[in-house]
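J.: There's a structure below that I have some questions on.
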Amino acid sequence: MKKELLKLEHIEKSFAGRKIIEDLELTVHENEFVTLLGPSGCGKTTLLRLIGGFEQPDSGRILFEGQDITRLAPEKRQVNTVFQKYSLFAHMDVAANIAFGLKLKGKSQSYIQDKIKYALKLVNLDGYEHAQVTELSGGQQQRIAIARAIVNEPKVLLLDEPLSALDLKLRQNMQRELVKIKRELGITFIFVTHDQEEALSMSDTVVVMNQGWIQQIGTPESVYNEPENAFVADFIGDSNIVDGIMVRDELVHLLGKDIPCINKGFGENVPVDVQIRPEDIRICEPEQGDFRGVIKSVVFKGTVYDITVAAGGFDWLVQTITGHAAGKEVGIQLPPYNIQIMAKPESEDEEAVGDA
């Protein structure tokens, strides 16, 4: 069992009378890659700053290895932060930037030089000691910011959307690099992003946030395949979300039909949200489908086709690897094991992202 490293208990934070984080609880384990995922303004960067000590909670406690660090200054925490804007010193070369924190700690010159070489090798920038940071690309500057953080040997590395300014190819390369660095260093990463693909591809644990509340915590697979509410389902990937009635265990009524599913425990005749991922819907002959409909549009996305099918009074998004013609009459099949039943939201904070 993984050792508990960081624990947040009943954290609340407001700015100018507006509550940003409300009664939040979170546990982070040693050597875990945790991603805080959510739309702009959901509180994820504020939460990161609270962990780093750059903000103080209005109430609640932050425990690090069982010790209360809620009011501890940032420099006294075993935590380092890589900000979205890398905050490198333009008047210093690469080596001086990396060495800055070590010099403040009074480390010897030989120790500092060893650490600089080690960190540059780790981020694949050997030989860049004397380069000026203003001459580096965005990706290289991002690596220097990471190198500067890791030489301080933090137990937790906080990363606030550090890849958002990079182009797609470089961002994907850096995603792989960060996972590799985390694995080699054996430290805990807490990563902030609003990019769902980034969160799913990098993380051990994804924390989905909305309006200051944690909506779901789980593995990338569980939050994608088993979302706990409509917000999570809609925010992570593409989804078809339909109002339904859970008739009984393993049978849901939607769009005028009773459809078999595998879900249990919701009771009988209970209103629910029904989610089916676009890739889990099958296009078939009209008479073979759970619903008959007509293809409204077809968009080629490179590896898949996004197909909109009007059926049962609902526009279904279907993803296939084969194309179909717009205007064609088809059937759509909803395999029972691909249907996800979710309880109706109890508050506005759990509504789908489009309504948030």
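The values are calculated or read from the model by the stated rules, or taken from the named source; none is laboratory data. Because the structure is a prediction, the values reported are computed rather than measured. Heads up, the Cβs are rebuilt from the backbone with ideal geometry, glycines too, and the neighbour counts pull from every protein chain shown. These area figures cover heavy atoms from the full protein model, side chains too; ligands, DNA and RNA do not enter into them. Shrake-Rupley method; radii C 1.70, N 1.55, O 1.52, S 1.80 Å.
J.: What are the pairs, 6+ residues apart or on separate chains, where a residue within the stretch 55-70 that is assigned to a loop (DSSP other than H, G, I, E, B) has its Cβ under 7 Å from a residue that is loosely packed, with under 12 Cβ neighbours inside 10 Å?
T.: Close Cβ pairs (under 7 Å, with a partner that is loosely packed, with under 12 Cβ neighbours inside 10 Å) amount to GLN56/ARG71.
J.: Quick test for you: out of VAL294, VAL299, VAL272, pick the one residue that is assigned to a strand (DSSP E or B), of a type in the set (Val, Ile, Thr) and more than 31 Å from the chain's Cα centre (by Cα).
T.: On the way: VAL299 fails: more than 31 Å from the chain's Cα centre (by Cα); VAL272 fails: more than 31 Å from the chain's Cα centre (by Cα).
Matching residue, one of VAL294, VAL299, VAL272: VAL294.
J.: What tally of residues in the stretch 157-169 results from selecting those that are open to solvent by 50 Å² or more (accessible area, probe 1.4 Å), in a loop (DSSP other than H, G, I, E, B) and more than 22 Å from VAL79 (Cβ to Cβ)?
T.: The first filter runs over the stretch 157-169 and keeps only residues open to solvent by 50 Å² or more (accessible area, probe 1.4 Å), leaving 164-165, 167-169.
Now drop any that are not in a loop (DSSP other than H, G, I, E, B), which leaves 164-165, 167.
Next cut, more than 22 Å from VAL79 (Cβ to Cβ) only: 165, 167.
Summing the residues that are open to solvent by 50 Å² or more (accessible area, probe 1.4 Å), in a loop (DSSP other than H, G, I, E, B) and more than 22 Å from VAL79 (Cβ to Cβ) in the stretch 157-169 gives 2.
Yes or no, residue by residue, for (1) touching a Leu at 6+ places or on another chain (Cβ under 9 Å); (2) among the charged types (D, E, K, R):
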residue	(1), (2)
LEU178	yes, no
GLU184	yes, yes
ILE190	yes, no
THR193	yes, no
SER203	yes, no
THR219	no, no
PRO227	no, no
ASP258	yes, yes
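J.: Could you please tell me which pairs satisfy a Cβ distance under 6 Å, a separation of 6+ or placement on different chains, a first residue in the stretch 231-252 that is without any contact (Cβ under 8 Å) to a residue 24 or more places away in the chain, and a second residue that is open to solvent by 10 Å² or more (accessible area, probe 1.4 Å) and of a type in the set (Lys, Arg)?
T.: What qualifies is ASP249/LYS264.
J.: In addition: Any idea which of (1) assigned to a helix (DSSP H, G or I); (2) of a type outside the set (Ser, Thr, Tyr); (3) modelled with pLDDT of 95 or more is the one VAL247 doesn't satisfy?
T.: If we test VAL247 against (1) assigned to a helix (DSSP H, G or I); (2) of a type outside the set (Ser, Thr, Tyr); (3) modelled with pLDDT of 95 or more, just (1) comes out false.
J.: Additional query: Identify, from the list PHE291, PHE235, the residue that is modelled with pLDDT of 95 or more and buried (at least 17 other Cβ atoms within 10 Å of the Cβ). Spell out the reasoning first.
T.: Working: PHE235 fails: modelled with pLDDT of 95 or more.
After applying the criteria, what remains is PHE291.
J.: Right, another one. Out of curiosity, is PHE64 surrounded by 14 or more Cβ atoms within 10 Å (Cβ to Cβ) and more than 30 Å from ASN124 (Cβ to Cβ)? Steps first, answer last, please.
T.: Values: surrounded by 14 or more Cβ atoms within 10 Å (Cβ to Cβ): yes; more than 30 Å from ASN124 (Cβ to Cβ): yes.
The answer is yes for PHE64.
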